[in-house]
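For reference, the structure is listed below as structure tokens.
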Amino acid sequence: MSEPLNDAALAAETVKAYDTRRLLRRPYEVQWYLNASALRGFPDVRWNVDLARLEVKREPAHRKRFRINHIKPKYVARVAKYTRIPPNPTVIPATTDREDIFNARASQKALEYFTRKASLRSKWVQAMQWVPVTGKAFWAVRWNDDAISHAPTKLDSKLAPLTGEVEVEYCSAFEILPADPGIELMANQPEILRVRLLPCRDIEKRYNLEPNSIAPESGDIDLFFYQRQIADLGTRQQGMASRSAVNFDQTLPTHALFIERFIGPTEEYTQGRYIVVAGNKLLHQQDSLPGNFTYLTRNPYPFVELCDDAAPGQFWPDAFIERLIGLQSEYNEYRSKMGENLAMHFFPKLVVAKQLNLSDDAYTSEAGERLNVNWIPGIPMPNFLQPSSVIGDAWNVLNTIRKEMDDITLIYPAAMGGVGGASSGFQTSLLQEAADQVHGPTIQRNAIALEEAYIKIRHLMKQFYDVPRMISIAGRSNIPEIYEFFQDTIDENADIRIEPDTMMPQLRTARIDQIRQMFTEGLFGPPPDPKTQRRVQDMLRMNFSDFEIERDQRDQEQAQLENIAMLEHGKLAKPQPWENHQLHWEAHVDLFKSPETRTWKYEHWAVNVFHALVHLCYINPDDAKLMSREYGLEQAINEILATILPPPAPLATPPPELDQPQMSTEPAKPTMLINNEIRMPVEYTVKRNPETGLIEGIVPKGEQK
């Protein structure tokens, strides 16, 4: 075992490793600059090694230069394919035990809440936008003790903020330096460096250092050089504004190189090692990697690797845009020459003998112009020199280039909606699915990366969520669900899945056509059934105020508001005759089956059940009367039925009285199990408004005046 290095030697070794690995990655950085330039419509730029900047190829003034960008549509289509399915984890319980099932459900709710609050979807889109440019992008997953938590805690019956939260940060490929560029995956790298330029004050504050203890290493001129190079693309000062857009009155160094060194597990350091160096000083070291992911996932580092198409034997694969630069440059070159050829056909060269003394400005593009010449016998008259036409061959070449771009990118017109004669949703979906099959490996690779990210996020929650946190998410029918979530409710044995594909087509018109066909064939139920029609209408809802579907949504929205009032112990109005009672009954019964109702008290149950049974009175009075006894609501429901149903017809002759001993006909009162407590139901009666006499609700029997 080697002797451990002192702080100064360890810092020097880390800085030397940065210099070596940055030199190895330099050629890739140049290509990334060219890729970003091609995405902006400048595929013909060149990298000036001496000046370290991008330069546009200069052309004579008489030459035409078209910049037609076919790379951008391909880029947009590719990003759309990978961002079509946003991060949406599914947690599968480790066992069939009820406790494991509820813990898995709570973990999924917490991850869904974190996905929304931490803006993982926007960070996912940002990463997918950079992957075609740099070949790879990364997420950094860590715990931040100083961050304000997304979920508050409940303190003295009030919500109070918490400090400490899991952070997922987008990490550019320019910040990551692997130890060996010949190792394909980050998980197999012996070391990883993350290097950034940060303000010295921020570094000193993070590590509680004295002011001016970190020596600045870079001024504003060199700060974020690659960001300036890329941000400068397409401007008039191509490649120069990155050095000129600086306030030279404030060019004193203000930033330092912040190097984070992640060493993988070895025989000496079984948990890995983490070293931080800034200003050539060792700021922090620990004999374990941050997050303790060593035995959790294949990748022990606190990063998630997102890549485009893997290149075996190379850590940095060729980027998507890199494959198109040559074809795009060739396309623009031929397209420009076609423009020049057409211009010569429109205004061909005029051949004039000098003896004719034709003035230099005599021939113009004006129609009907008269040209005066001094004709000399034997001297030919002026004639046009018409160039040969190459338009036909040129168009064939351009079409061939376009086809080659489709073949290289594997993005064909069918994948972007240019389906031609397809008229049905199933046919469109079939063509798109066939075109998307070639992207299956990349989509699957991204799904695995998202699973790794959520496993690491959940692991950090398991470690640091020691105080219960209140999370609120949108549940069924957009009703908020409140959960108390902390480390004891997390089951790390539960599996996390990311569904990498979906059966629904991407185009909305094709999706609507597919749903319509499925509805016509009865796959959702009998088409004439109003319940089936409501289900299909909800799937086709388009949020247009003049859309006929909106009328059927009013009762559904009203039922959702009543469910929210039930969850919040709010006041419920008596159901009215004009409401859609079947829809209300189904919505309320669905709420009663949810786990949120387990905490309801008996009185709360009685009020909510009475409201639902009033709806049932309009649907099936006998069932409502039968079910009312369990909650002591028989008298109240009978009063409701007396106002709804017509009085029974009088009998012609009263039935004869039988001389038999009278037996008690009062049924035995049922018992109820509320919150694991067996109790007798309380009898309720209706409560009426003393001024109007209308029914407002229920009260225990004997309290109604």
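The values are calculated or read from the model by the stated rules, or taken from the named source; none is laboratory data. All values reported here derive from a predicted model rather than from experimental measurement. For neighbour counting, all protein chains shown are included, and Cβ atoms are generated from backbone atoms with ideal geometry for every residue, glycine included. Quick note on the areas: whole protein, heavy atoms, side chains included, nothing else; ligands and nucleic acids left out. Shrake-Rupley method; radii C 1.70, N 1.55, O 1.52, S 1.80 Å.
One table, with the values for the structure above:
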{"quantity": "Global geometry of the stretch 52-127, whether rounded, prolate or oblate, following the gyration tensor of its Cα atoms and the 1.5 cut on a/c", "calculated": "prolate"}
{"quantity": "Gain in span if fully extended, ASP529 to ALA80, counting 0.36 nm per residue against the direct Cα distance", "calculated": "157.9 nm"}
{"quantity": "Gained length - GLU579 relative to SER472, 0.36 nm times residue gap less alpha-carbon distance", "calculated": "35.5 nm"}
{"quantity": "The stretch 161-214, accessible surface, carbon-and-sulfur percent (1.4 angstrom probe)", "calculated": "48 percent"}
{"quantity": "LEU296 versus THR163: modelled label distance in nm, points set 7 Å from Cα along the beta carbon direction", "calculated": "2.3 nm"}
{"quantity": "5 angstrom amide H check on ILE698, placed H, neighbours 5+ away", "calculated": "LYS687"}
{"quantity": "Cα-projected label distance for ASN396 with GLU630, points at 7 Å along beta-carbon direction, nm", "calculated": "8.1 nm"}
{"quantity": "Cβ-Cβ FRET estimate between THR520 and THR599, R0 fixed at 41 Å, reported to 0.05", "calculated": "0.40"}
{"quantity": "Virtual paramagnetic centre 7 Å along Cα→Cβ of VAL30, amide N under 15 Å, in the stretch 323-340", "calculated": "none"}
{"quantity": "Accessible area per residue in Å² at 1.4 Å probe, computed on the stretch 44-104", "calculated": "61 Å²"}
{"quantity": "Accessible surface of the stretch 86-132, 1.4 Å probe, proportion on carbon and sulfur as whole %", "calculated": "47 percent"}
{"quantity": "Counted charge near ARG261, where neighbours are those whose Cβ lies closer than 14 Å (Asp, Glu -1; Lys, Arg +1)", "calculated": "0"}
{"quantity": "Net +/- balance of residues flanking TYR618 in space, Cβ distance below 14 Å, scoring K and R +1, D and E -1", "calculated": "-3"}
{"quantity": "Inter-site label distance for GLU568 and LEU185 at 7 Å from Cα along Cβ, in nm", "calculated": "4.9 nm"}
{"quantity": "FRET efficiency, 1/(1 + (r/R0)^6) with R0 35 Å, evaluated for ARG63 and MET381 via beta carbons", "calculated": "0.65"}
{"quantity": "Theoretical gain in end-to-end length, ASP156 to ALA642 [0.36 nm per residue, Cα-Cα removed]", "calculated": "170.2 nm"}
{"quantity": "FRET efficiency for ARG116 and ARG196, using Cβ-Cβ distance with R0 set to 25 Å, rounded to 0.05", "calculated": "0.35"}
